[in-house]
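Worksheet: one structure, shown below.
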Amino acid sequence: MKSRILFSVPTRHHVEIALDELDGLQELGYTCGQFSYAAKEGVTSTPGRLKVIVQNALSLIRTARQFKPDVIYLNSRLEALAGIRDFITISLFKTFYRQPVKFLLKSHGSDMAVLQSTKGILQKLVLPYLRKNVTGWLFLSSEEKANIVDSGFLPADRVFVTKNIVRTNHFKKDPAFKSKLNITESTQVLLFVGRLIPEKGINEVIEGFAKLPHNADAILIVVGWGTEEENLKKRCQELGINEKVIFTGFVPEQDVVSYYANSDILVFPTYFPEGFPMSLFNSVAAGLAVITTPTRAAADYLTEPVNCLWVEPQNSQSVYNAVQKLLNNSQLALSMRDNNVAKGESFSKKQVSLELAQIVNQSIKL
């Protein structure tokens, strides 16, 4: 008999991913339910956040009494605040719900520094408790798994590498996309998607793009918002490229799909500790040529020049060289796009759900 799984569903980030995993396992015959596991908008004080955590934990207990799960699947992160939340939630749950349940924790990013500290509540209470009571920890890259195992925090048989689901059938070409932006059909569309913070590499994208010859038939679309937005716009004016760079500001997740489907090259030189950056893997599945850094999941699944060109982090000249190479080699770009469409199928709901089911089944036996 297949396990009964309760999924935590965030209210803002990774919502589609969580719901797709739930749906994918249901299609494989698992009985799945869900519960809310996130902070409330506008609640910023420590007492307020603690109240929300306790309320969510009590709600989970009530849900579990009706659903009777075998597995509770937490979408979380390996970091201090998330760890404290997970500790409070699991400890309350195990105090007031006496039936046996396995906890799986999927980490959407990780701060390995929390494992290196030797003082405080994290090391003395939170991490030891989670290590004892979380059966399986899922990370989004083999680099993270290796770091966890090498640290001695967990044995290898309790650490798994998983993927995020990419909605591979959502990328539809719009013949009018370029005309809506008042650009010609021959113009190459370079794309950046992400928070506008330095760690995502957006400064290097702007500086690298500015190095292109003035007559280069290319534009750059920057999708996202963040602390650097006004500084970036000012920098584009200083570099004389403001007419060739389009800032969209915040775009709802479902609407970003159109940019993936109708652009030509993703430029994403992140040095943020990404797990499985969705902007990168949506671009792969949409069939874009890709320029990125060899970090975490990117290094697991992409190879140069089959799927991407690697660039050095915090190096605008490296970004420029890669952009020039793709703009000047249409055959390479076309081959990369075809390869990435094929690669994208390994991130489909069906494939990822099958792999996730194997992890669930292995964890149940631990």
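The values are calculated or read from the model by the stated rules, or taken from the named source; none is laboratory data. Since the model is a prediction, treat every value here as computed from it, not as a measurement. Neighbour counts run over all protein chains shown; Cβ positions are idealised from the backbone, glycine included. What goes into the accessible areas is simple: the full protein's heavy atoms, side chains included, and nothing from ligands, DNA or RNA. Shrake-Rupley method; radii C 1.70, N 1.55, O 1.52, S 1.80 Å.
Details
- With respect to the conditions (1) at negative phi; (2) modelled with pLDDT under 95, residue 152 lacks only one, and its number is (1).
- Residues in the stretch 234-263 that are more than 17 Å from residue 182 (Cβ to Cβ) and crowded, with 16+ Cβ neighbours inside 10 Å: 235, 236, 256, 257, 260, 261.
- Residue within the stretch 40-51 that is within 25 Å of residue 128 (Cβ to Cβ), open to solvent by less than 50 Å² (accessible area, probe 1.4 Å) and assigned to a loop (DSSP other than H, G, I, E, B) present: no
- Meets criteria (in contact with a Phe, Trp or Tyr (Cβ under 7 Å, 6 or more places away or on another chain) and either exposed (fewer than 15 other Cβ atoms within 10 Å of the Cβ) or closer than 23 Å to residue 143 by Cβ (or both)) for residue 303: no
- Extreme residue, surrounded by the fewest Cβ atoms within 10 Å (Cβ to Cβ), among residues of the stretch 319-343 that are of a type in the set (Gly, Ala, Ser) and under 27 Å from residue 209 (Cα atoms): 330
- Strands (runs of 3 or more DSSP E) contained in the stretch 86-162 and holding at least 2 residues out of contact with any Phe, Trp or Tyr (no Cβ under 8 Å at 6 or more places or on another chain): 102-110
- Screening residue 235 against (1) under 28 Å from residue 144 (Cα atoms); (2) of a type in the set (D, E, K, R); (3) in a helix (DSSP H, G or I) leaves a single unmet condition, (1).
- Top-ranked residue in the stretch 196-216 [being free of Cβ contacts under 8 Å to residues at least 40 places away in the same chain and farther than 17 Å from residue 315 by Cβ; ranked as most open to solvent (accessible area, probe 1.4 Å)]: 214
- Taking the numbered list (1) open to solvent by 50 Å² or more (accessible area, probe 1.4 Å); (2) touching a helix residue (DSSP H, G or I) at 6+ places or on another chain (Cβ under 6 Å); (3) touching a residue at least 60 places away in the same chain (Cβ under 8 Å) in turn, residue 157 passes all entries but (2).
- Counting only helices (runs of 4 or more DSSP H) that sit wholly inside the stretch 313-365, those with at least 1 residues that are within 23 Å of residue 27 (Cβ to Cβ) and of a type in the set (Ser, Thr, Tyr) are 349-364.
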